[in-house]
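Asks: Pasting a structure here, questions to come.
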Amino acid sequence: MTQETQAGAQVPMVRLHDGNEIPQVGLGVLRIDDEGVTPVVESALQVGYRHIDGAAGYDNEGGVGRALEEVGYASGPQRERLWMTTKLRDSEQGYDSALRAFDRQLGLLRLDYVDMYMIHWPTPFDWRSGETWKAFVRLRDEGRVRTLGVCNFMPSDLERLHGETGEYPTVNQIELHPTWQQREVTAYCREHGIAVEAYSPMARGADLANGVAEEIAAVHGVTPAQVILRWHIENGTIIIPKSVHRDRQEENLDLFGFALTDEEHRRIDALDGPTRAGHDPATFSYA
Ligand SMILES: NC(=O)c1ccc[n+]([C@@H]2O[C@H](COP(=O)([O-])OP(=O)(O)OC[C@H]3O[C@@H](n4cnc5c(N)ncnc54)[C@H](OP(=O)(O)O)[C@@H]3O)[C@@H](O)[C@H]2O)c1
């Protein structure tokens with residue numbers, strides 16, 4: 001059993017259009033190898049995270065599964081308090097291949113169900129998301145996935161998916177941070193009831209040293225990371241900051257003892273620019 005920390009207990013739940021509730025802060029586990037991820041997820045669960053963001057493409061689902069089992073979150077009452085997300089590899093999109101991939105992923109994670117299953121990239125140049133979605137719906141109907149989501153979908157991809165399936169995803173996970181705010185995408189999502197989840201919420205660390213976050217942090221007696229993550233929280237965005245360090249995991253969860261002023265929001269909003277930290281969904285495939 002783990003002790004619920006003060007910070008973990010304060011994380012709000014965001015209600016999604018399918019009725020499920022997701023913790024607004026989760027831990028990302030990209031770029032951590034399969035062996036290394038086990039202690040990282042264990043420490044996150046111990047400091048109070050109840051939401052883990054994984055993917056087949058991170059090649060570490062086995063290590064995540066070992067952590068869930070070790071700390072007692074793979075089954076029983078603690079499992080019900082955990083939100084586990086994973087994503088389908090682009091190369092496994094399609095109806096039959098998605099179903100086969102999901103079986104393998106669930107086994108690696110040592111779970112009976114996942115809370116959210118996501119299409120990782122839209123690959124509009126090799127579009128199979130309509131067929132993939134039909135497999136996702138079957139998994140949801142079977143009770144093996146609770147919520148269906150996508151990542152990196154632009155409005156044109158969301159329209160295409162809706163046209164083929166009659167559904168919008170519940171969540172769209174996109175790159176989003178002060179220097180890459182994607183306002184057109186977030187406005188579209190909000191208009192259509194799609195929750196926005198920010199990946200690389202600190203631009204992989206690049207947005208921490210631009211001066212503005214440091215100045216605001218000094219006023220509140222917090223860190224630049226906390227200022228940026230708090231900005232996301234107050235915007236209603238779900239966030240999945242990644243850290244392998246226990247102290248930073250605690251820091252990234254400890255966002256509820258201060259609030260930003262309107263003027264501070266305006267200063268961070270004004271940082272928006274043309275600088276993505278990751279890839280262009282129109283052309284990229286993770287494979
Ligand atoms: N769907 C997609 O296509 C997609 C793409 C990219 C990412 N993601 C997801 O989003 C998650 C987060 O994104 P990300 O990992 O790219 O970027 P991020 O969370 O913005 O930044 C992570 C970087 O910041 C450092 N860091 C973390 N907390 C810090 C703190 N309090 N102070 C200073 N530095 C800190 C981390 O280093 P340490 O680890 O050394 O602390 C790491 O280098 C990923 O892990 C993944 O789950 C999804």
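Asks: Check off (1) modelled with pLDDT of 95 or more; (2) under 21 Å from the mean Cα position of the chain (by Cα) for Thr275 and give me the number that stays unchecked.
Replies: Going through (1) modelled with pLDDT of 95 or more; (2) under 21 Å from the mean Cα position of the chain (by Cα) one by one, Thr275 breaks only (1).
Asks: Just to check your reading of the model, which residue among His51, His17 is under 22 Å from Ile194 (Cβ atoms) and within 14 Å of the ligand (Cβ to nearest atom)?
Replies: Working: His17 fails: within 14 Å of the ligand (Cβ to nearest atom).
Exactly one residue qualifies, and that residue is His51.
A quick yes/no check of all residues on (1) over 21 Å from Tyr58 (Cβ atoms); (2) without any contact (Cβ under 8 Å) to a residue 40 or more places away in the chain:
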residue	(1), (2)
Leu109	no, no
Met118	no, no
Thr123	no, no
Ser129	no, yes
Glu142	yes, yes
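Residue-by-condition table, conditions (1) surrounded by 19 or more Cβ atoms within 10 Å (Cβ to Cβ); (2) within 25 Å of Ile32 (Cα to Cα); (3) over 15 Å from the mean Cα position of the chain (by Cα):
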site: Gly221; (1), (2), (3): no, no, yes
site: Gly236; (1), (2), (3): no, no, no
site: Pro241; (1), (2), (3): yes, yes, no
site: Asp247; (1), (2), (3): no, yes, yes
site: Leu253; (1), (2), (3): yes, yes, no
site: Phe258; (1), (2), (3): no, no, yes
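Asks: Inside the range 204-220, can you point out the residues that are within 22 Å of Lys242 (Cα to Cα), of a type outside the set (Val, Ile, Thr) and out of contact with any Ser or Thr (no Cβ under 6 Å at 6 or more places or on another chain)?
Replies: Hits for the range 204-220 are Arg204, Gly205, Ala206, Leu208, Ala209, Asn210, Gly211, Ala213, Glu214.
Asks: Starting from residues that are more than 7 Å from the ligand (Cβ to nearest atom) and assigned to a loop (DSSP other than H, G, I, E, B), keep the ones in the range 205-254 and report whichever is modelled with the lowest pLDDT.
Replies: Residue satisfying both the conditions and the ranking: Asn210.
Asks: Within the range 133-170, work out how many residues are farther than 20 Å from Val14 by Cβ and either more than 15 Å from the ligand (Cβ to nearest atom) or among the hydrophobic types (A, V, I, L, M, F, W, C) (or both).
Replies: The number of residues fulfilling the criteria is 22.
Asks: Give the residues of the range 16-33 that are hydrophobic (A, V, I, L, M, F, W, C) and in a loop (DSSP other than H, G, I, E, B), sorted by residue number.
Replies: First, the residues of the range 16-33 that are hydrophobic (A, V, I, L, M, F, W, C): 16, 22, 25, 27, 29-30, 32.
The answer is Leu16, Val29, Leu30, Ile32.
Asks: Continuing with this model, one more query. Which ones in the range 3-43 are of a type in the set (Asp, Glu) and under 16 Å from the mean Cα position of the chain (by Cα)?
Replies: Glu21
Asks: Just to check your reading of the model, which residue among Leu82, Leu68 is of a type in the set (A, V, I, L, M), more than 13 Å from the ligand (Cβ to nearest atom) and under 15 Å from the mean Cα position of the chain (by Cα)? Reasoning before the result, please.
Replies: Working: Leu68 fails: under 15 Å from the mean Cα position of the chain (by Cα).
None of the other options fit; the residue is Leu82.
Asks: List every residue pair whose Cβ atoms sit under 7 Å apart, with the two residues 6 or more apart in sequence or on different chains, where the first one lies in the range 34-56 and is in a loop (DSSP other than H, G, I, E, B) and the second, anywhere, is among the basic types (Lys, Arg) and more than 10 Å from the ligand (Cβ to nearest atom).
Replies: Arg50/Arg81
The values are calculated or read from the model by the stated rules, or taken from the named source; none is laboratory data. On a predicted model such as this, the values are computed, not experimentally measured, just so you know. Cβ coordinates were reconstructed from backbone atoms using ideal geometry, including for glycine residues, and neighbour counts include every protein chain displayed.
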